[in-house]
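The values are calculated or read from the model by the stated rules, or taken from the named source; none is laboratory data. The structure displayed is predicted, hence computed values, not measured ones. Cβ coordinates were reconstructed from backbone atoms using ideal geometry, including for glycine residues, and neighbour counts include every protein chain displayed. The area values use the complete protein model at the heavy-atom level, side chains included, leaving out ligands, DNA and RNA. Shrake-Rupley method; radii C 1.70, N 1.55, O 1.52, S 1.80 Å.
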Amino acid sequence: MRRIYIVSAMMLIVCCVYGQAKKPSIMVVPSDDWCTSHDYVMTFDNQGDAITVPDYSKALLENGELNSVISKIGEMMAERDFPLVDLKSQMDKIIKDQARTNMKGVNKSPIDVLNETAKADIVLKVYWKVNQVGPKKSVTFRLQGVDSYTLKQRAAASGTGKQSFTAEVSVLLEEAVLAYLDSFNSQLMSYFEDVFAKGREGALVLLVDEMSDIDFNETYTFKGRSASLKDIINRYWMPRNTVKGRFQLNQNSENVLQFSQVRIPLYGDDGWGGQMAYDFETWGGNLRQFLSDSLQVQCDIQTKGLGEVELTIK
């Protein structure tokens, strides 16, 4: 009887812990086309190329309707137990961090900086337009759930609500979205269950600095056998540090190794025998440490958004 109680208690603990952990965190933002149509955009200099990206700070400051919409969508997701990351709080944090560390000149996309700061699992992009026929109004909407790591769309819903005499956009939007929200959330949960089972998806790029004395064909003695640096990384380290060895080597040359569809665990060793949440920066840092400790190969590391890490052999 005592064994039954112990087993039941253990099952209850597991269900509580994992039941809570399975909900992806959400950050609600206006869609790119909504920002463009309202002239809330900015130009980012990406190594000489002018890239147009949404200007969320300007939109939040100038458009009260946007704040109401974000608040309403966030409220509806919170009612369904999705953890929320507040867009305005993250934008304020970025501004303070930049002022504190004088990072204004850092060559990163503002969207990458936002994602790296917020670390939300899903960016929920919302588009809406108010339609009016006589005294009655309705809202046409679109929701897109985008994975912050891969920037791939994982859930979507769109539609037009019923006509109403109310003038409040947030109320119109709630009425329009409500009929589609359970299906949308189901898509999100189906995707996130896949993440829990197969790991987070992202990319790894390894480069050789032009001043380096070695390349990926350099031979080392490791674990009692001679192998090239690329083989040690591709055949030894990667299978042992991805979920069930899931990754794909797309580019394989003496100066470039490029991996895609890399699946990393959500949690891993913190270096002191404990567990910590993993992202690609942490995971890439483990590879950097391995190369340094095992082969005396030194690397620089940088991230591109949440889902890509780049190591450069010095």
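Remark: for residue pairs Lys88/Lys162; Lys88/Lys136; Lys125/Lys162; Lys23/Lys58; Lys108/Lys230, the C-alpha separation exceeds 25 Å in Lys88/Lys162; Lys88/Lys136; Lys23/Lys58; Lys108/Lys230.
Tell me, what is the FRET efficiency for Ser228 and Lys304 to the nearest 0.05, using R0 = 35 angstrom and their Cβ-Cβ distance as r? About 0.85, to the nearest 0.05.
The angle between the Cα long axis of helix 2-21 and the longest principal axis of the Cα atoms of the chain comes to about 70 degrees, rounded to the nearest 10.
Model label sites at Ser183 and Ser158, defined 7 Å from Cα along the beta-carbon direction, differ in position by 1.3 nm. Based on DSSP H runs of at least 4 residues, each adding -39500 (n - 2.57), what is the mean residue ellipticity at 222 nm of the chain after dividing by all its residues, to the nearest 500 deg cm²/dmol? Only helices count here, giving -12500 deg cm²/dmol.
Net charge around Ser31, counting only other residues with Cβ within less than 13 Å of its Cβ (Lys, Arg = +1; Asp, Glu = -1)? Walk me through the numbers before you get to the answer.
Working: positive: Lys125, Lys129, Arg142; negative: Asp32, Asp33.
It works out to a net charge of +1.
Surface exposure of the chain, expressed per residue as accessible area with a 1.4 Å probe, stands at 54 Å². What you get for the chain, charging only the Cβ of Lys and Arg (+1) and of Asp and Glu (-1), is a dipole of about 1140 debye around the Cα centre.
Carbon and sulfur together cover what percent of the accessible area of the chain at a 1.4 Å probe radius? Before the final figure, lay out each step's value.
Details: 8420 of 17110 Å².
Heavy-atom surface of the chain belonging to carbon and sulfur, 1.4 Å probe: 49 percent.
Extending 7 Å from Cα along the Cβ direction at Asp45 and again at Ser89 yields two label points whose distance is 3.4 nm. Look at the dipole of the stretch 72-186 built from charges on Cβ: of Gln132, Val169, Thr117, the Cα furthest out on the positive end belongs to Gln132. For the stretch 204-290, a simple Cβ point-charge model (Lys and Arg +1, Asp and Glu -1, everything else neutral) yields a dipole of about 620 debye relative to the Cα centre. Once the Kirkwood radius over Cα pairs is known for the chain, the Stokes-Einstein relation at 20 °C and 1.002 mPa s delivers a diffusion coefficient of 96 µm²/s. When only alpha carbons are used to place a centre, the stretch 247-314 and the stretch 130-146 end up 44 Å from one another.
Sorting 138-148, 203-213 by average packing, meaning the other beta carbons within 10 Å per residue, from highest down gives 138-148, 203-213.
Length available on full extension from Ser253 to Val130: 0.36 nm per residue minus the Cα-Cα distance, which gives 38.9 nm.
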